[in-house]
Every structure is written in C-alpha cells, then in structure tokens.
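Taking it in order: structure first as structure tokens, then the write-up.
The values are calculated or read from the model by the stated rules, or taken from the named source; none is laboratory data. All of these numbers come straight from a predicted model, not from anything done at the bench. Reconstructed Cβ throughout: ideal geometry from the backbone, glycine too, with neighbour counts over all protein chains shown. For the accessible areas, the whole protein counts, side chains as well, though only heavy atoms, and no ligand, DNA or RNA atoms are used. Shrake-Rupley method; radii C 1.70, N 1.55, O 1.52, S 1.80 Å.
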Amino acid sequence: MNTATIHRLATMAFASTLALSALNAGAVVSAVGPGAFPGSSLLVDLSTSVDGTEVNGLTVGGLTFSYSLGNGNVIIDGGPGITNNVAPLNVVSIGAPGGILGVALPGPSTTFGYGYALLAGGTVPAGTTITLFNGATNVGSLSYLAEPDPDFPGGFAGISSTLPFNRVELTFNAAAAAWAADNFRVTAVPEPTTLGMFALGICALLMRQRRRVG
C-alpha cells in the first residue's frame with residue numbers, strides 16, 4: 001500500500017469520525033427504567049456492606065461515593081426498610097440531607113440509575129435530580145417525581161445519555177427530612193466501534209510508513 005493510498009484512507013477515516021462527532025454534539029439525556037439496563041450492567045446493591053459505614057469516600061463495587069457536606073451525614077444503614085426499589089442495607093442520610101451525593105463511576109458510561117426513598121409524605125415533585133459529568137463538563141440532568149413506593153415517596157431514577165459520562169451528582173428534594181438510595185446501576189460505554197478501530201489502524205499504518213520514508 002503506497003503512501004498516497006494510506007493518506008486517502010486516513011482522510012476518509014478522519015472525516016467519518018468527525019461526522020460521528022458532529023452527530024454526538026447534539027446529545028440528549030432521557031429518563032429510563034430498570035429494563036433499560038442489560039444483564040451486563042454493573043449493579044451495586046450494598047447488601048454486603050457493613051452497617052454504619054461512612055459513605056463519604058467509600059468505594060463499593062467500583063463506585064466511589066462522596067458527600068459535599070462531609071462526614072457524619074450519610075452512612076450505610078437499614079434506611080426505610082423494604083420498598084419497591086430500596087432494601088437494607090442502603091445509603092441513608094442521617095445528618096444534613098441537603099448535600100450532593102457524588103458517585104464516581106469505573107469508566108465512561110451511557111446509562112445510570114438507582115432506587116430511592118424520601119422521608120416525606122404524599123407525592124414530591126423533583127424528588128431527586130441526577131446531573132451527569134464527563135470530567136468537569138456537565139453533560140445534562142433530569143429530575144424525577146417521587147410517588148408512594150408503596151409507603152415512602154420515591155421510585156427508580158434512571159437516565160441515559162448520548163454522550164458518555166464518568167461521574168454523577170445526586171440531590172434530593174429539600175422537603176424530605178432524610179433520604180435513602182440503593183441498587184445503583186451503571187452501563188459502560190460499548191467497546192470501540194469498527195470505524196474507530198479502523199481509524200486507529202490506518203493512523204498506525206501511516207505513522208509506520210512515514211518512519212520508513214524518513
């Protein structure tokens with residue numbers, strides 16, 4: 001394969017990659033249910049954690065948790081007991097509930113979700129909000145209506161993004177005196193596409209050809 005052909009293939013691959021990037025530039029986020037997570041998705045249910053463990057700085061199943069208001073506010077506990085989406089043990093606020101629960105993911109992901117329950121009554125608008133980040137870049141956010149589940153208001157909050165993210169921030173409605181979260185689900189970004197691998201291969205071939213010419 002001569003240098004001109006390699007250049008032409010590399011240009012085509014690069015143009016195709018740019019086209020895909022342009023399509024992704026209009027990325028959106030959407031709400032999803034538990035059924036949107038394939039069997040290969042990561043599930044962290046905290047059932048084997050130690051009761052009373054501090055959550056700020058805790059790593060479980062590849063997820064690293066943080067809490068913006070520091071230690072002594074969020075621990076592993078029995079929480080509200082069993083609901084449709086939460087079961088002991090789970091993440092529970094025992095101090096100031098108005099902070100941000102951060103979750104660092106194992107790698108780039110496309111879908112994230114969790115069950116939650118609020119210590120409140122009736123239906124709570126914007127019961128919880130998920131904000132997605134890729135590094136420091138805000139990818140998007142969604143809020144979820146908390147409804148009796150079956151007693152405490154809550155439910156399942158799931159979000160999917162057409163752009164990858166590697167960190168999420170969770171907040172809960174200030175009307176709730178406390179909250180619990182459980183059954184964290186994460187779907188990782190799929191393996192590189194055939195096009196991406198093709199582009200990398202062409203670039204490697206081009207670099208090798210240039211070294212030979214030099």
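Give me the extension gain from I94 to A177: residue separation times 0.36 nm, minus the current Cα-Cα distance, reported in nm with one decimal.
Details: separation 83, 0.36 × 83 = 29.88 nm, distance 0.92 nm.
This chain segment gains 29.0 nm when fully extended.
What shape does the stretch 72-199 have by the C-alpha gyration tensor, where a ≥ b ≥ c are the square roots of the eigenvalues, rounded means a/c under 1.5, and otherwise prolate means a/b greater than b/c and oblate the rest?
Taking the square roots of the gyration eigenvalues as a ≥ b ≥ c, the stretch 72-199 is prolate.
Please list the non-local residues whose amide H lies under 5 Å from the amide H of L163, H modeled 1.01 Å from N, same-chain partners needing a gap of 5 or more.
Here V28 satisfy the definition.
For the stretch 77-142, give the percent of accessible area contributed by carbon and sulfur heavy atoms, probe 1.4 Å, rounded to a whole number.
Numbers: 1390 of 2360 Å².
Answer for the stretch 77-142 is 59 percent, counting heavy atoms of protein chains only.
Spin-label point model (7 Å from Cα, Cβ direction): what's the T48 to L145 distance in nm?
3.8
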